[in-house]
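The values are calculated or read from the model by the stated rules, or taken from the named source; none is laboratory data. None of these values were measured; they are calculated from a predicted model. Counting neighbours? That spans all protein chains shown, and the Cβs are built from the backbone with ideal geometry, glycine included.
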Amino acid sequence: MGSIDTPTITENGSTQSHAAAPAADGDQKPHASANGAPVEMAPESEATKRRRASMLPLEVGTRVMCRWRDAKYHPVKVIERRKVPYGGANDYEYYVHYTEFNRRLDEWVKLEQLDLDSVETVVDEKVEDKVTSLKMTRHQKRKIDETHVEGHEELDAASLREHEEFTKVKNIATIELGRYEIETWYFSPFPPEYSDCLKLYFCEFCLNFMKRKEQLQRHMRKCDLKHPPGDEIYRSGTLSMFEVDGKKNKVYGQNLCYLAKLFLDHKTLYYDVDLFLFYVLCECDDRGCHMVGYFSKEKHSEESYNLACILTLPPYQRKGYGKFLIAFSYELSKKEGKVGTPERPLSDLGLLSYRGYWTRVLLDILKKHKGNISIKELSDMTAIKAEDILTTLQSLDLIQYRKGQHVICADPKLLDRHLKAAGRGGLEVDVSKLIWTPYKEQS
């Protein structure tokens with residue numbers, strides 16, 4: 001299966017695709033002879049035209065081949081349809097899911113992009129294609145790796161169908177945030193008055209959102225913020241981290257959740273932001289502090305969760321910010337004198353991100369440490385929960401069970417091999433630049 005490259009967001013607001021431009025030949029697929037020369041296609045018979053017309057409009061659930069941005073045809077499933085304004089009785093646009101790829105590539109397409117000769121029988125809507133989110137190339141998984149952590153593992157089949165039915169069509173196609181125009185990935189439950197907006201304009205500092213560019217321009221002339229509300233707890237070079245209390249900055253917290261949901265495909269959107277702290281990472285310049293990503297954590301967690309939700313915004317991905325956010329969450333746990341672990345359940349990609357972080361941290365310690373070391377000692381040094389250390393070392397074949405207890409077997413050659421495979425650790429948190437005291441409820 002070939003890969004589909006996702007669009008690249010450019011700084012001037014345009015969106016570029018790595019794929020070739022779609023063919024401009026209506027619904028006719030190009031034909032070529034053995035020597036590559038185009039072949040004249042025979043005109044369609046009346047019977048063929050009548051047969052095609054009888055298929056329209058396509059029913060929801062129909063499976064058909066669709067021409068994508070790479071000018072190639074891929075199998076899709078029709079998720080929804082809508083009438084084309086001022087069109088004929090059978091003039092519809094179709095919202096399709098590319099069954100080989102992740103749900104974030106779903107989109108509205110025109111009839112001429114569909115190959116009607118490939119139409120399959122309408123399938124039972126209750127049969128959900130659960131394998132689609134897993135059918136990604138290694139390249140795609142790597143691109144999404146540091147984007148999100150949550151999954152659907154806690155949902156039963158009925159709840160999963162209800163969730164996917166409710167969120168099946170993206171309501172907002174693009175957003176403008178600072179100097180970037182970004183294509184969204186998923187549905188987000190914005191207030192009803194924004195249901196007819198294909199594009200929203202966000203103030204990058206207070207995260208208020210508007211329907212029109214002129215509204216944003218008026219807002220920016222009045223907005224006093226040049227950074228997220230809250231306390232700056234870290235500054236190293238051009239990177240800053242702000243701690244935002246959801247109780248003190250409720251509107252900001254809710255707007256951040258709306259924004260994040262456009263890029264996170266999970267069922268929970270927390271409206272009760274009072275219970276959370278948000279840690280917003282920014283790149284700073286003379287114009288202000290520009291959000292690149294964030295993570296949230298509960299103020300009080302009975303399960304020792306030190307992270308509830310994590311996101312790196314698409315324009316800033318592949319720069320190591322996701323790993324930095326994970327590392328930062330553990331530095332806060334160290335300051336609290338606690339061990340921490342991300343909120344469960346983890347998606348496959350979330351587990352991949354965390355397993356990568358745990359692997360690098362533990363290997364570095366085992367490489368430098370002389371003599372024996374226990375899992376408890378590793379946990380105390382790293383703030384990583386003992387269970388996470390155990391599963392990570394087991395996956396690396398660095399632990400054995402002897403005489404009723406686990407024994408770490410840190411063979412130097414095996415460590416070197418794992419360290420080479422783990423690659424670079426990415427951006428490091430300079431703990432000397434972290435000025436922070438753990439949260440305490442004010443009486």
Of the conditions (1) part of a loop (DSSP other than H, G, I, E, B); (2) at pLDDT below 95, the single one that residue 338 does not satisfy is (2)
Within region 331-360, residues being farther than 22 Å from residue 241 by Cα and of a type in the set (A, V, I, L, M) number 4
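Output the number of residues of region 415-431 satisfying the condition of being hydrophobic (A, V, I, L, M, F, W, C) and under 13 Å from residue 359 (Cα atoms). Break it down into steps so the answer makes sense when it comes.
Filtering region 415-431 for residues hydrophobic (A, V, I, L, M, F, W, C) gives 415, 419, 421-422, 427, 429, 431.
Now restrict to residues that are under 13 Å from residue 359 (Cα atoms): 415, 419, 421-422.
Total meeting the criteria: 4.
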* Would you say residue 82 is closer than 22 Å to residue 183 by Cβ, of a type in the set (D, E, K, R), assigned to a strand (DSSP E or B) and in contact (Cβ under 8 Å) with a residue 12 or more places away in the chain? -> yes
### Query
What about residue 420, is it of a type outside the set (Ser, Thr, Tyr), exposed (fewer than 15 other Cβ atoms within 10 Å of the Cβ), closer than 30 Å to residue 319 by Cβ and in contact (Cβ under 8 Å) with a residue 12 or more places away in the chain?
no
Residue hits (region 307-326; in contact (Cβ under 8 Å) with a residue 60 or more places away in the chain and touching a helix residue (DSSP H, G or I) at 6+ places or on another chain (Cβ under 9 Å)) are 307, 309, 310, 311, 312, 313, 317, 318, 322, 323
For region 394-443, the count of residues that are modelled with pLDDT of 95 or more and either assigned to a helix (DSSP H, G or I) or on the phi > 0 side of the Ramachandran plot (or both) equals 3
Flagged pairs (Cβ under 7 angstrom, 6 or more apart or on separate chains; first in region 334-353, assigned by TED's automatic domain parsing to the domain that holds residue 299; second part of a strand (DSSP E or B)) are none
